[in-house]
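Inspection log for the structure reproduced underneath, given as structure tokens.
The values are calculated or read from the model by the stated rules, or taken from the named source; none is laboratory data. Remember, it's a predicted structure, so these values are computed and weren't measured experimentally. Don't worry about glycine lacking a Cβ; one is built from the backbone with ideal geometry, like all the others, and counts go over all protein chains shown. Areas reflect the complete protein model, heavy atoms only, side chains present, ligands, DNA and RNA absent. Shrake-Rupley method; radii C 1.70, N 1.55, O 1.52, S 1.80 Å.
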Amino acid sequence: MEQMLMKNGLAEPALQRISKGITAVYPQFARERFMSLALDGLEALELKQRVTQIIEVLLQTLPADFSETAKILSELPKHWDRGDPDDSLRGFAIWPVTDYVAVAGINDPQRALPVLALLTPLFSAEFAIRPFIEKYPELTWSQLHAWCEDEDEHIRRLASEGCRPRLPWGAQLKGLIGDPTPILALLDKLKADDSLYVRRSVANNLNDISKDHPEQVLALCQRWQSKASEEVEWVIKHATRSLVKQGHPLSFPLLGYTAKPQIELEEFALLKPQVKMGDSLTFALAIRAKQAKQKFVLDFAVHFVKANRKTAAKVFKLKNLSLNKDEMFAIEKQHSFKAISTRKYYPGEHFVALHINGQEIARLGFELTQD
């Protein structure tokens, strides 16, 4: 459902904005031909397919000599219609243009990279920079490091976001998944950036890396923490969120949580042992601290039945707690089984489990039924 909505960001109004902007810089642009070719069959395509189709049309309607096209696109921001401020998808219109640079300009990085820097404030050139990282690593890393010093936050963010090894919707950077060392050196420059927009990208990049190199990310965060500002502490917290969910033992002391909290489970019970699809699971729990100054993360996991009848767990946030000795925390929690586009439910025995600092302390079984 989300993808179906997002593709509307690259419909006819976006194409009109592309053609209008290019024509303002390049009056001989074949505007009608561009619109006709780009709209042909567009309605049936999904988001990434639309990006690809529009790139192919730009290849047919812009000058074949990239040195000419680079000049046109360099002037485009001055004439760009940013769209309706109330339209959350308005930035998508420039996406095929930035990705076009990665196709038409792939053999001319000296011209292409500066063009991407000029276009990225209009949306983001994070997808377009990746082919250059792979084909011209030395040149592109040099440029990324230079962008870390740029006065424009969008360009500084591009340096981080573009090299995320597992960027959503972007091609994975296999070499950096194997060895993220070049990324870590770059993120070190951006960790305390004045812009939250940039720092969030730094955290997301590290969170990507933690999926393959958890110890390396934790070691870097420990080094940063020795002289951490409030901004860097924020980056560390958000960079390690997946490690916290996974229960990696070294992530909790890093974030100031008790390494081995002493907690007594006083109650853990289900309201009903059966839940109908469309209804909610309700459970109650009560825990008590057995020692003073216990700080820990309390989560719950639902072990969902899959199509093959096996189960797979998904962890959900419950609460970050700080309890003194004999202090109790109690809560009644609901988890909905209403139909959603991102998950298909299957009947059968499910489980709900409690986690403290990522470690399971108890679980209960319940039956999910069709009716």
Report the normalised scattering of the range 130-245 as log10 I(q)/I(0) at q = 0.13, 0.16, 0.21 Å⁻¹, calculated by the Debye formula with identical scatterers on the alpha carbons.
-0.44, -0.67, -1.18
For the range 300-365, listing trypsin sites (Lys or Arg not before Pro) in a DSSP loop whose Cβ sees at most 16 other Cβ atoms within 10 Å gives Lys306, Arg309, Lys310, Lys325, Lys338, Lys344
q = 0.12, 0.15, 0.17 Å⁻¹, the range 34-149: log10 I(q)/I(0) [Debye, one scatterer per Cα]
-0.44, -0.68, -0.87
Comparing Asp299, Asp326, Asp108 in a Gaussian network model of the chain (Cα, 10 Å), the one with the largest mean-square fluctuation is Asp326
Taking Cα atoms only, Rg over Rh for the range 309-371 with Rh from the Kirkwood formula is 1.02
Correct semi-axes for the range 1-44, from √(5λ) of the alpha-carbon gyration tensor and rounded to whole Å with the largest first, are 24, 12, 5
Tilt relative to the chain, helix 181-190 - C-alpha long axis, 0 to 90 degrees, to 10
90 degrees
Explain nothing, just compute: Karplus ³J(HN,Hα) = 6.51 cos²θ - 1.76 cosθ + 1.60, θ = phi - 60°, for every residue of the range 92-109 in order, whole Hz, x for Gly and Pro.
4, 4, 7, 3, x, 6, 5, 5, 4, 4, 6, 9, 6, x, 5, 9, 9, x
What are the radius of gyration and Dmax of the range 205-303, computed over its Cα atoms and given in Å?
17.3, 52
D_trans [Stokes-Einstein, Kirkwood Rh over alpha-carbon pairs] for the chain, 10 °C, 1.306 mPa s, µm² s⁻¹
67 µm²/s
Mean-square fluctuation maximum in Gaussian network of the chain, Cα pairs under 10 Å, restricted to Thr240, Thr311, Thr69, hits Thr311
Principal axis box of the range 104-191, alpha-carbon based, largest edge first, Å:
30, 30, 24
What accessible area per residue comes out for the chain, rounded to a whole number of Å², with a 1.4 Å probe?
49 Å²
For a quick check: with amide H placed at 1.01 Å from N, whose amide H comes under 5 Å from Asp279's, ignoring anything fewer than 5 positions away on the same chain?
Phe337
Using a 1.4 Å probe over the heavy atoms of the protein chains, calculate the carbon and sulfur portion of the accessible area of the chain as a whole percent.
49 percent
